[in-house]
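In what follows, a single structure is set out as structure tokens and then discussed.
The values are calculated or read from the model by the stated rules, or taken from the named source; none is laboratory data. Just so it is clear, the model here is predicted, and its values are computed rather than measured. Note: ideal-geometry Cβ built from the backbone for every residue, glycine included; neighbour counts use all protein chains shown.
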Amino acid sequence: MATWDPLQPYCKLLNMEAIEPREYQLSIAKGMGSGKNTLLVLPTGLGKTIIGIFAMARVLYEGKKVIILAPTKPLSEQHLASIKRFLKMDENLLLLLTGRMKTAERKEREREARVIAATPQTIANDIKVGRLNLDGFGMVIFDECHRAVGKYAYTYIANECKERGIQQIGMTASPGSDRKKIDAIISTLGIEEIEMRISTDMDVAEYAMGTDIRIDYIDNGMGVGSILGTLKPVIEKHLTELYRHGLSPFKKFDNLSKGRLLEMGANISKIEAQSYKFMALYDYVYLLHLSHAYDMAGTEGIQPFLDYFKSLEERERRSRAVQGILKDAEVQNAIRIAREMIGRGEEHPKMGHILGMMSGEMKGHTTIIFAQYRSTIRTLASMLRKAGIEAREFVGKKDGTTQEGQRMTIEDFRNGKFNVLVSTSIGEEGLDIPSVDYVVFYEPVASEIRNIQRKGRAGRVKFGRVVILVSRNTKDEAYLMISRIREKRMRDNILKIKESLRETHRKGKGQMALGV
């Protein structure tokens, strides 16, 4: 087991009885001791928070204060709990900062606290109005730092830190594959050094519990096939019209990606001739809604497909195109097929596949099922409960769940009160659930960040399994391929940027030696 150098005085601040430090953690933390702004890219479950706490101990011993930021209050609460466990500090000097705290109390507590765990918006607001003075702070840690772009509050805080020379530490499992976005994160946080590990690296491999990743291909069956076969000609009719007017690069729906579809909409919105624009928008709205309905039936579920049309019907204001969709004879035929399937107790084959796994290999195992749409989650969780499987939904505040409700759900899951969590993307970042045996992707995700975070829910403290469901001949197959390409690109780009930063540093040293 790795140990701190006993000659380092700041190790007195660490509760070594609660920590089993690993060599790579100590090595990374030692590098942070140089004071350089550092980007830490480490797979979920390999102890980014511990590394941050090691770095905190040095800064605190030097008499300076620390802020650790996380995108959500539950994540901030987790960080504070870890700090209480691993640092030997008077708890009165630790602060969970939330917007609910009264103004007068916040200012007093912020002045007295030596470690603050908070969401970025709260910190940014308090800096702007003068409640929080960053003088005296030696380090700010940005958890899930892939968010440090654009107008997100991380950007404002990072600029304030740079003006005051405060060390910045960015932590993430994945900063993304886009070189421009990675460069933006590097620029925002003023990154001078990158520490990256993957699960196969020599110093990490023995601690990575291992994850078996399996792709289960699903045939859609006759019912789903009938719905898709009914909708596709209608979609291609309107796509052909857009192609005929030079507004679509394709006239075959199979060739049209979501990105290209959105690009078409952006181009149509720029058309100045109003009559021409109106005709184009009519076909585009048809295409937009029916392509989404097609994907819902092909990759999500029959009830989610019907729920989507119900949401169109319940709109207070419906465009001429939406009215046309709801009256279209072929669309109504597809809806009829779907209703008949539900009446017979049929759903998308993915749902039956999950039910089979839950009754077989996954029976009794802790499992997170990730799905993109609220309707899919609701349908799937209900189906599992009807089959006698303890399953709960985990959704965001916009779906009516409070943060306290989210916290209680996770607490019950962690304590074994139920063993299947059916979650939206809110479950991807930072959940402290160390005992998940299985992670199921109801559908592949093209985002490499979300892909890595989802996989990271399994294999944290023991061997885990990931199962990705792919509906044949649907967008699922394309998203699976895209995610693989982007993950590899992410690693390649980070390595290139890391080498570039080191080359810049070497040149700088050389110029100093020459007196330039």
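Below, the figures for the structure above:
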| read-out | value |
| --- | --- |
| Per-region count, the stretch 10-20, residues in contact with a helix residue (DSSP H, G or I) (Cβ under 7 Å, 6 or more places away or on another chain) and part of a loop (DSSP other than H, G, I, E, B) | 3 |
| Filter result for the condition that a residue is over 23 Å from Val445 (Cβ atoms), outside the structural domain of Gln372 (by TED's automatic domain parsing) and crowded, with 16+ Cβ neighbours inside 10 Å, over Tyr286, Tyr294, Tyr276, Tyr308 | Tyr286 |
| Residue satisfying all of: in the stretch 215-261; modelled with pLDDT of 90 or more, of a type in the set (D, E, K, R) and not in a helix (DSSP H, G or I); surrounded by the fewest Cβ atoms within 10 Å (Cβ to Cβ) among these | Asp219 |
| Filter result for Arg339 (part of a helix (DSSP H, G or I) and either in contact with a helix residue (DSSP H, G or I) (Cβ under 9 Å, 6 or more places away or on another chain) or of a type outside the set (A, V, I, L, M, F, W, C) (or both)) | yes |
| Residues that are small (Gly, Ala, Ser) and at pLDDT 80 or above, drawn from the stretch 488-516 | Ser500 |
| Yes/no for Ile342 being within 29 Å of the chain's Cα centre (by Cα) and not acidic (Asp, Glu) | no |
| Single unsatisfied condition, Ile426 versus (1) modelled with pLDDT of 90 or more; (2) surrounded by fewer than 20 Cβ atoms within 10 Å (Cβ to Cβ); (3) not charged (D, E, K, R) | (1) |
| Residues located in the stretch 10-50, provided they are over 29 Å from the mean Cα position of the chain (by Cα) and at pLDDT below 75 | Tyr10 |
| So Ala29, is it part of a helix (DSSP H, G or I) and farther than 25 Å from Ile127 by Cβ | yes |
| Residue count for the stretch 323-374, restricted to those that are within 20 Å of Arg472 (Cβ to Cβ) and loosely packed, with under 13 Cβ neighbours inside 10 Å | 1 |
| Residue count for the stretch 208-265, restricted to those that are closer than 23 Å to Gln303 by Cα and not polar (S, T, N, Q) | 18 |
| Criterion violated by Asp295 - all others in (1) acidic (Asp, Glu); (2) modelled with pLDDT of 90 or more; (3) more than 22 Å from Ile377 (Cα to Cα) satisfied | (3) |
| Selection status of Tyr276, in contact (Cβ under 8 Å) with a residue 40 or more places away in the chain, of a type outside the set (S, T, N, Q) and over 30 Å from Ile215 (Cα atoms) | no |
| Lone qualifier among Phe305, Phe278 - being at pLDDT 90 or above and more than 34 Å from the chain's Cα centre (by Cα) | Phe278 |
| Only one of Glu330, Glu300 that is in the same structural domain as Ala266 (by TED's automatic domain parsing), within 26 Å of the chain's Cα centre (by Cα), on the phi < 0 side of the Ramachandran plot and not hydrophobic (A, V, I, L, M, F, W, C) | Glu300 |
| Subset tally (residues that are buried (at least 21 other Cβ atoms within 10 Å of the Cβ), in a loop (DSSP other than H, G, I, E, B) and over 16 Å from the mean Cα position of the chain (by Cα)) for the stretch 152-178 | 1 |
| Where a residue in the stretch 218-232 is touching a residue at least 60 places away in the same chain (Cβ under 8 Å) and its partner, wherever it lies, is outside any helix (DSSP H, G or I), with Cβ under 6 Å and at least six apart | Ile218/Leu469; Ile218/Ser471; Asp219/Arg472; Asn220/Ser471; Gly223/Glu346 |
| First in the stretch 343-358 and assigned to a helix (DSSP H, G or I), second anywhere and surrounded by fewer than 22 Cβ atoms within 10 Å (Cβ to Cβ), Cβ under 6 Å, 6 or more apart | Pro349/Ile218; Pro349/Gly221; Lys350/Ile218; Met351/Met383; His353/Ile218; Leu355/Ala387; Met358/Ile389 |
| One residue from Val149, Val140 being closer than 26 Å to Ile50 by Cα and in a strand (DSSP E or B) | Val140 |
| In the stretch 105-153, the residues that are without any contact (Cβ under 8 Å) to a residue 40 or more places away in the chain, in contact with a helix residue (DSSP H, G or I) (Cβ under 6 Å, 6 or more places away or on another chain) and among the charged types (D, E, K, R) | Arg131 |
| Residue within the stretch 58-81 that is outside the structural domain of Lys455 (by TED's automatic domain parsing), surrounded by 17 or more Cβ atoms within 10 Å (Cβ to Cβ) and among the aromatic types (Phe, Trp, Tyr) present | no |
| Among (1) aliphatic (A, V, I, L, M); (2) assigned to a loop (DSSP other than H, G, I, E, B); (3) touching a strand residue (DSSP E or B) at 6+ places or on another chain (Cβ under 8 Å); (4) within 28 Å of Lys181 (Cβ to Cβ), the one test that Val66 misses | (2) |
| Unmet criterion (only one of (1) surrounded by fewer than 21 Cβ atoms within 10 Å (Cβ to Cβ); (2) assigned to a loop (DSSP other than H, G, I, E, B); (3) touching a His at 6+ places or on another chain (Cβ under 9 Å)) for Lys181 | (2) |
| Single residue of Glu404, Glu390 found to be of a type outside the set (S, T, N, Q) and under 23 Å from Glu77 (Cα atoms) | Glu404 |
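Quick grid of which residues meet (1) closer than 26 Å to Gly176 by Cβ; (2) free of Cβ contacts under 8 Å to residues at least 60 places away in the same chain:
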residue: Met16; (1), (2): no, yes
residue: Glu23; (1), (2): no, no
residue: Thr38; (1), (2): yes, no
residue: Gly52; (1), (2): yes, no
residue: Ile83; (1), (2): no, yes
residue: Lys102; (1), (2): no, yes
